[in-house]
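This report concerns only the one structure given below.
The values are calculated or read from the model by the stated rules, or taken from the named source; none is laboratory data. Everything numeric here is computed off the predicted structure, so don't read it as measured data. FYI the Cβ positions are ideal-geometry reconstructions off the backbone, even for glycines, and counts take in every protein chain you see. Heads up: the accessible areas ignore ligands, DNA and RNA and are worked out on the full protein's heavy atoms, side chains in. Shrake-Rupley method; radii C 1.70, N 1.55, O 1.52, S 1.80 Å.
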Amino acid sequence: DYYRSGLEALAMDGIQLVEMRVTLDPVLSEDGSYIRDEALMNLYRSIIEDVNQSFPLFNLRLIVCSRRKSTLEEVRLQVERSNHLKSLFPDMIVGFDLIGNEDNEPRTMVFVPALEMSRVPLFLHGGESRFPGNNNIRDAIVLNTHRISHAVNLYYFPALEKRLIQYQTMLELCPISNLALQYVRDLRFHPASGYLQRGIQGVLGSDYPAFIQSRGLTDDYFATYLAWGLDLRSLKKLMENSITNSGLPQSYKNQNLRLFHQNWIDFISLVNKL
């Protein structure tokens, strides 16, 4: 019920695909048993089917995560678990990540022996920090990740900015979350505004929507539109990036891009009539 309610709120906001980070912890059922692995994946599928009754175009994909406070062996086992579930549910598992407090828990490089075993793309957290000593962005680049979450402290590493532009690495930007967790004090001075202006590619994400009492993604778009001085072209680019850099197969990306472009034309037509 909790997940269905949250996903329906996102779908009501116009979101068609959610790539949700999960640790796949066992779920306690009413009879005292635990729902694990394959049964847990089927539970996610049943939730999607419930949401589809009201929002037939909505879909959910999972980014399996391990916690940074885990041991190397625990992360290795989680990677193997992710690989196994990917083989059974190829349409559901799209990525692997490490989550946790980047300033107080081990850096990404500690887990390289385990992460190199992943058969799904690495969508790694990096730079969710204000401190220059946090090197997780560099570690993510070394691991050839295509998407890096947050990258708040990227401004300490101008050489890495050039690398991100060269390889079109995508930043998953979560401005309201960064403000709520005090990684920035004012969205007008969020460094991501400069990243986008200098040619780094980005998308917007909500991140902890229940914690920050946000229902959907419109709040993040509205806040950044005002704080970063974005125009309609910038908003359109951010939305397109979210499709082209998703974990969807290329055929689905093309289908969603066509739908988005038609919706965008309809939106512009409506704006012009006002």
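For region 114-207, count all C-alpha to C-alpha pairs, find those more than 21 Å apart, and express that count as a whole percent of the total. Result for the distance tail: 26 percent. Mean projected area of the Cα convex hull of region 19-166, taken over all directions, amounts to 10.6 nm². In terms of the mean number of neighbouring beta-carbon atoms within 10 Å, the peptides 201-207, 181-187 order highest first as 201-207, 181-187. In loop segments of region 1-91 as defined by DSSP, the GluC sites (Glu not before Pro) with at most 13 further C-beta atoms inside 10 Å of their C-beta are Glu30. Values of log10 I(q)/I(0) for region 161-274 across q = 0.14, 0.17 Å⁻¹ run -0.65, -0.95, by the Debye formula with one identical scatterer at each alpha carbon and no solvent. Using a probe of 1.4 angstrom, how much of the accessible area of region 137-274 is carbon and sulfur, in percent? The value for region 137-274 is 55 percent carbon and sulfur by accessible area. Using every pair of separate Cα atoms, the Kirkwood estimate puts the hydrodynamic radius of the chain at 19.6 angstrom. Can you pull out the trypsin sites (Lys or Arg not before Pro) in region 76-156 whose DSSP state is coil and whose Cβ has at most 14 other Cβ atoms within 10 Å? Sites meeting the loop and neighbour criteria: Arg119.
In terms of its Cα atoms, region 10-50 spans 37, 20, 14 Å along the principal axes, sorted from long to short.
Of the residues Leu235, Leu88, Leu28, Leu98, ranked by 1.4 Å probe accessible area with the largest first, the sequence reads Leu28, Leu88, Leu235, Leu98.
Return the calculated 222 nm mean residue ellipticity for the chain, to the nearest 500 deg cm²/dmol, obtained by summing -39500 (n - 2.57) across DSSP H runs with n ≥ 4 and dividing by the residue count.
Values: 11 runs with 123 residues, N = 274.
Rounded to the nearest 500, it is -13500 deg cm²/dmol.
Near the amide H of Ile148, within less than 5 Å, lie the amide hydrogens of Met170, Leu171, Glu172, all on another chain or at least 5 residues away, with H placed in the peptide plane. Given a 1.4 Å probe and every protein chain left where it sits, what share in percent of the accessible area of region 72-120 is carbon and sulfur? The value for region 72-120 is 56 percent carbon and sulfur by accessible area. The accessible surface of region 1-52, taken with every protein chain in place and a 1.4 Å probe, is 49 percent carbon and sulfur. For the chain, the solvent-accessible area of protein heavy atoms averages 52 Å² per residue (probe radius 1.4 Å; ligands and nucleic acids excluded). Phi-derived couplings, Karplus 6.51 cos²θ - 1.76 cosθ + 1.60 at θ = phi - 60°, listed residue by residue for region 191-196: x, 4, 4, x, 4, 5 Hz, with x used for Gly and Pro. Put the Cα centre of region 238-274 next to the Cα centre of region 149-211 and the gap is 22 Å.
Assuming charge only on the beta carbon of Lys and Arg (+1) and of Asp and Glu (-1), the dipole of region 1-64 about its Cα centre is about 220 debye to the nearest 20.
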